[in-house]
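The values are calculated or read from the model by the stated rules, or taken from the named source; none is laboratory data. Since we're looking at a predicted model, the values are computed, not measured. We place every Cβ from the backbone using ideal geometry, glycine too, and count neighbours over all the protein chains shown. These accessible areas exclude ligands, DNA and RNA; they are computed on the full protein's heavy atoms, side chains included. Shrake-Rupley method; radii C 1.70, N 1.55, O 1.52, S 1.80 Å.
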Amino acid sequence: SVSADGLGLSNVGPFTGSGDQMFYHTGDILVANGGSLSSSEEIMLAGYTLIEDGGSFTASEDIINLGYLEVSSTATFGSSLDDLILSGNSYTIIDNTSTTADDIYIDHTDAQLCGAGTVEIGNGGPNPIINWFNPGTSRFDQICDGFEITCNTNCTGGSSGTGSGGFSSGITGPGGVGNSNDNSLWLRADAGTSTTTNGNPVSGWNDQSGNSNDASQATSAKQPLYQASVINGLPAIQFDDASGATVADEMLVIDNDNLDNTDGLTIFTVIRPTNLDGDERTMISKRVAVGSNQSYSMFFYTGNRLYIDVVSNNDRFSSSSSFSNSTNYISTLLYDGTLAAAQKSKIYIEESLDQTSTESSSSIPNYASDLTIGSINANDGRPFGGYIAELTIYRRALTTVERIIVNNYLSAKYNISLTANDVYTMDNTVNGDYDFEVAGIGQASDGSNHNDALGSGVLRMWDPNDLDNGEFLMWGHDNTAFNSTTTGDVDGSIIQERLSRVWGVSENSGDVGTVSISFDFSAVGNPLGSNLRLLIDRDGDGFADNDVTPVEGSVSNGIAVFSNVNLQDGDLITLGNTDASIPLPIELLEFEVFQEGENVIAKWTTVSELNNDFFTLERSTDGHNWVPINEIDGAGTTNQMKSYQTIDDQPMRGLTYYRLKQTDFDGQFSYSDVKMIEIEFIDAIKIYPNPSNGIFNVSGVDSDEIIFSVYNILGQQVPFSINEDQGIQLDVSNEPAGVYIIKVKDGNFTKTMQVIRN
């Protein structure tokens, strides 16, 4: 029993009733499907509280949330609740539409109320109200955009309405910043490319943001090349500068409104230029032509400086620094439409502010122009020569703390040193090079904070209880295979196995306090539950002596959660298991697809399997709608490495996506990463009738780039005509009777067929 005021926290209370004694729970609460929890006392929650679909959590007194409270869409919550009070650095995520309360209090400026649901106030006494304490004014930016608070009875109070703030729970964008709502484009050369063969042309580059803003190039002469190891051993896409060629390499992202925003924009690029010479060399551009229907462009120009066009050429400004060929760079464009007219745009290079604009325009228009990567647009040229490893667009101006976190993620991944705000140190070789899937939380010197991050990995941290200016907590892993080990540094008497993958933790400029930590196993299997432990190695001996007591957690929907964990700078963390007879879930060691003749071969390997009933190979032509191709039996439960293979003997021509669905005996399932392949085949092309009077019909052609040529028996090329009024017809009727060879070229494939002209 403790009062909110009695906690002595600077960002909790005083508010109405904050001096009352109440039940105080610091750990986790899971109300599962069919479960129920009720309270007739005031209750204060500081851990992770999840009410699953079908679960019920009711109270007749106040609920005060200081932690992370999540209400699923079909859960029951607060049917007779007095006041819902949100305080501290809390997140309250309500996805159901039947939540009721008397009043809502929002205490201090960090508490957020978000979700896809609604809360109806007024189920108690008269004059229901949303009441803000401690800043003393109404702050609808603490209630997320689209979240509604309604009132149907006793509605004479005040401050009800729809929120205007943003929501950042478990965010999956670069570095754990942003999600599909605001991270509109995320192109990574290490994911989503149509080929992973070194030196091969790239026809498709799949957007990782979740918005399906995929980049593509159908014209083979304009396709850039996939290069397997360019920046820090990672792949990049190579764009030529059209030297000695008639066209430049470029890729297009078809216009989508979510690529623009009149209120703000942030763009990150990781590049290595190779053709800077003072001419215009464009990385990305969203405009129809120079000075026409343009939203923004980033390009190099006079003095090899980075130039930015925002809205029009009149708003052009450039970096103060020059760029050099064969050098790796992280460059950032940030446009903030809320700032003074002459200071809306900024250029950052390796996180250092390089230049601030003096533009005259007030906003970025949403022009209906495609985004071009590698040149100004499809007709204007100005080609970029060099490598692009990563390109990210946010449709808003990131805050200072968010920009710092994204740049630290890119710096660690590509080994490009930052010249300012380098807050992640576990990417240094001396600290072990934990460079992969880096994410972070923190609070910048200007007070902007970021309390929740997941990124592209499985490890999420959120809800720091003592976050101050300048403090950051960041993490990344060593890229070890995501499987278990029972050898070496596992303390067999307590922890019988652990994950091979290890995460390094960097805590910068102070202690952020305790955090909640979760591991998302939904893509790789089901975590164990009571025999699962969070392991922390603080003395550097590799988890051999459990110098920090292993932390117990809770498991729900494939996610293991550990609350109130106080990490330190330099800690190494992983997951352990107290019972090796029930092994940790293991992801695929590898999964690959490739074309072999007219078929597509899928191969994959598992290190071990747990209750694995079968695999299903699935195919898609758009990355969204999937059809099953083949089903392959699994091995049940085994600790032995197993290899699998299956064939798609009726593949689709062009860009095609494949994934594996793994199904357990109890019906639970998970998916592999998606693989993309450009499929080309030519055997379907037929020529008939044969013999003929010189008019030959062609069937099986579904490409605009097929090239025909005709040769006589001496190997001499002969003239012919093509008639496309009724399909495709080749006409050699002006040639003498005899045997002819028709050669059909489709990209890299060539097929020759012998025909007879009567």
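General remarks:
- For the set His108, His477, His624, His25, solvent exposure ranked by accessible area (probe 1.4 Å, protein chains only) runs largest to smallest as His624, His25, His108, His477.
- Of Leu225, Pro14, Asn258, farthest towards positive along the dipole that unit charges on Lys, Arg, Asp, Glu beta carbons give the chain: Leu225
- Residue-level accessible surface for Met652, protein heavy atoms, 1.4 Å, Å²: 80 Å²
- Sum of side-chain charges, Ser516 neighbourhood, beta-carbon under 12 Å (Lys, Arg +1; Asp, Glu -1): -3
- Exposure ranking of Glu497, Glu120 by accessible area [1.4 Å probe, largest first]: Glu120, Glu497
- Whether segment 68-122 is rounded, prolate or oblate, judged on the alpha carbon gyration tensor where a/c under 1.5 counts as rounded: oblate
- Between Val247 and Thr26, the contour length at 0.36 nm per residue exceeds the Cα-Cα span by 73.2 nm.
- If you wrap the Cα atoms of the chain in a convex hull and average its projected area over all directions, you get 37.7 nm².
- Ranking Ser297, Leu187, Val31 by how far each Cα lies toward the positive end of the dipole of the chain (charges on Cβ) leaves Ser297 at the top.
- Sum of side-chain charges, Gly176 neighbourhood, beta-carbon under 14 Å (Lys, Arg +1; Asp, Glu -1): -3
- Long-range HN-HN contacts of Phe147 with modeled amide H, under 5 Å: Gly163
- The slack in the chain from Glu590 to Asp468, taken as 0.36 nm per residue of separation less the alpha-carbon distance, amounts to 39.7 nm.
- Flagged links, alpha-carbon separation over 21 Å, of Lys222/Lys745; Lys286/Lys675; Lys286/Lys346; Lys286/Lys344; Lys686/Lys743; Lys603/Lys745: Lys286/Lys675; Lys603/Lys745
- Carbon and sulfur %, accessible surface of the chain computed with the full protein complex present, 1.4 Å: 43 percent
- FRET efficiency, Ser417 to Thr97 (Cβ-Cβ, R0 41 Å, nearest 0.05): 0.25
- Cross-link partners of Lys413 among aspartates and glutamates (Cα-Cα below 12 Å; sequence separation of 8 or more within a chain): Asp190, Glu390, Asp427, Asp433, Asp435, Glu437, Asp478
- Taken along the Cα-to-beta-carbon direction at a fixed 7 Å, the label points for Thr302 and Glu735 span 5.8 nm.
- Averaged over residues, the count of other Cβ atoms within 10 Å places the peptides 433-445, 567-579 in the sequence 433-445, 567-579, highest first.
- Ranked by the mean number of other Cβ atoms within 10 Å of their residues, highest first, the peptides 325-337, 400-412 fall in the order 400-412, 325-337.
- Net charge of neighbours whose Cβ lies under 10 Å from the Cβ of Ile559, counting Lys and Arg as +1 and Asp and Glu as -1: 0
- Pair Ser180, Asp446: separation of 7 Å Cα→Cβ label points (nm): 3.0 nm
- Taking all protein chains together, Val551, Val31 sort by accessible area into Val551, Val31, largest first [probe 1.4 Å].
- Estimated dipole of the chain in Debye, rounded to 20 [Cβ of Lys and Arg +1, of Asp and Glu -1, Cα centre]: 2540 debye
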